[in-house]
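Structure record follows, encoded as structure tokens.
The values are calculated or read from the model by the stated rules, or taken from the named source; none is laboratory data. Just so we're clear, the structure is a prediction, and the values are computed from it rather than from any experiment. Using ideal geometry, Cβ is built from the backbone for each residue, glycine included, and neighbour counts are taken over all protein chains shown. Heads up: the accessible areas ignore ligands, DNA and RNA and are worked out on the full protein's heavy atoms, side chains in. Shrake-Rupley method; radii C 1.70, N 1.55, O 1.52, S 1.80 Å.
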Amino acid sequence: MPKMIPVTSPLLPPLEEFIPYLEEIWRSKRLTNGGPFHEQLESALAEYLGVEHICLFSNGTLALVTALQALRITGEVITTPYSFVATAHSLLWNNVKPVFVDIDPLTNNLDPRRVEEAITPATTAILPVHCYGIPCDVEAIQKIADTYGLKVIYDAAHAFGVRQNGTSILKQGDLSILSFHATKVFNTFEGGAIVCPDKKIKQRIDYLKNFGFADEVTIMAPGINGKMNEIQAAFGMLQLKHIDSALAQRKRIFERYQRALTGVNGIQLLHVPDHVDWNYAYFPILVDESRFGASRDELYDRYRARDIMVRRYFYPLITEFPMYRSLPSGDASRLPHAHSISSQVLCLPIFPDLSFENQDEVVDILLSASGG
Ligand SMILES: *Cc1c(COP(=O)(O)O)cnc(C)c1O
């Protein structure tokens, strides 16, 4: 019986390498609240990623919620329906109304041409997602934001380490959010971060993630408990030692898929633009049923029957969930590209220790499904 092949598998360095970190925590008895590993990881990540400041969080969703609170976002925010549901949920947690606009079918990211027409007097910000780690059209988005006086917060949960023209994509906009969830390229079991440009906003965010404490007796706002603990931070330090080889391995797997699947009738691969140092976070394909000879869901069922955990990511769209369905901007007729891609997408397994043998099995199933 062949073993199950997951769609992703966490970067998990050898256990014995983690033991000294744990011993250090036991010695110091500092378990959380900005301990030594927390401090180390904030500066090590800022340096590795090439950004000014990092505020660590216990997960990416609390980082998103806090980023919006830190910038005092109210009213309406323009965002994408083609994302993980936490993107839109972070708006509801801030009593902000999401306004959905369609994506550009080439990048799967918010289409700047659709953003402008969705702006109303209540709009205060844009919340785009660098979907699959492919950069948004950051220049066009910033231009609109500057024209209308809007903030830009990037959900960069997929974009760890991504650079465009040699500069971190995480420096774009007012703030960017990372997720270090187990399924992401870089993980701390659960975890996340806000990337911020200056010390002043970092200070505010650091207060907000610790209940709003500015000092022992001062609460500056109704903050949340979003702190990353020392075990997570220590694991992050260990991950950092392994991240470059993990990214190189992802690249190798990506290129093998590319060689095997380019030109298969009815299968469209992700477009990675020039001048982008990508992180090979996902391997999405689009299945055009009429040309491929089988539907996306037929292919999905074939994989699942062989215990290969491919994922329809993102399906359903955020706008199909009950708390978003009734919003006028969520109407399917306004989001044709998002709907079309959501009905065709399938993410194939990609992770650093995916064996070439298992990868070949994934490829063979796809090729044999072609033509029905
Ligand atoms: C993973 C993810 C999140 C949420 O991050 P968590 O760390 O799981 O809370 C938010 N947005 C996107 C696009 C994600 O993929």
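Points worth noting:
- Measuring with a 1.4 angstrom probe and ignoring ligands and nucleic acids, I224 comes out at about 70 Å² accessible.
- Cut-off 15 Å (backbone N to label point 7 Å along Cα→Cβ of F213), residues of the stretch 23-66: 30-36
- Dipole of the stretch 15-238, positive direction: furthest Cα of A145, L49, T218, with charges on the beta-carbon: T218
- Charged side chains reduced to their Cβ positions (Lys and Arg at +1, Asp and Glu at -1) give the stretch 243-370 a dipole of some 200 debye around its Cα centre.
- At full extension, K3 and L327 could sit 112.3 nm farther apart than now, given 0.36 nm per residue minus the alpha carbon distance.
- Rounded to whole Hz, the Karplus (6.51, -1.76, 1.60) HN-Hα couplings of the stretch 95-102, x for glycine and proline: 6, 10, 8, x, 10, 8, 10, 6
- Entry comment: accessible area of the stretch 15-238 is 41 Å² per residue, from protein heavy atoms only and a probe of 1.4 Å.
- Per-residue HN-Hα couplings for the stretch 331-345 [Karplus 6.51, -1.76, 1.60; θ = phi - 60°; Hz; x = Gly/Pro]: 4, 4, 5, 8, 10, x, 5, 4, 5, 4, 5, 4, 7, 10, 7
- Probe 1.4 Å, all protein chains present, accessible-area order of H339, H130, largest first: H339, H130
- Placing a pseudo-label 7 Å from each Cα along the Cα-to-Cβ vector at D288 and S368 gives an inter-label distance of 2.6 nm.
- Charge-dipole axis of the chain as Lys and Arg at +1 and Asp and Glu at -1 on Cβ define it, positive-most pick from V264, F351, G173: G173
- Charge dipole magnitude, Cβ of K and R +1, D and E -1 - the chain, Cα centre, debye nearest 20: 320
- Cα gyration tensor, the stretch 295-372 - rounded (a/c under 1.5), prolate or oblate: prolate
- Full extension of the segment from M237 to N265, taken as 0.36 nm per residue of separation minus the current Cα-Cα distance, would add 5.7 nm.
- Length released on extending from S355 to E24, taking residue separation times 0.36 nm less the Cα-Cα span: 115.7 nm
- Derived scalar couplings ³J(HN,Hα) [the stretch 39-50; Karplus, 6.51 cos²θ - 1.76 cosθ + 1.60; whole Hz; x for Gly, Pro]: 5, 4, 5, 4, 6, 5, 5, 4, 5, 4, 7, x
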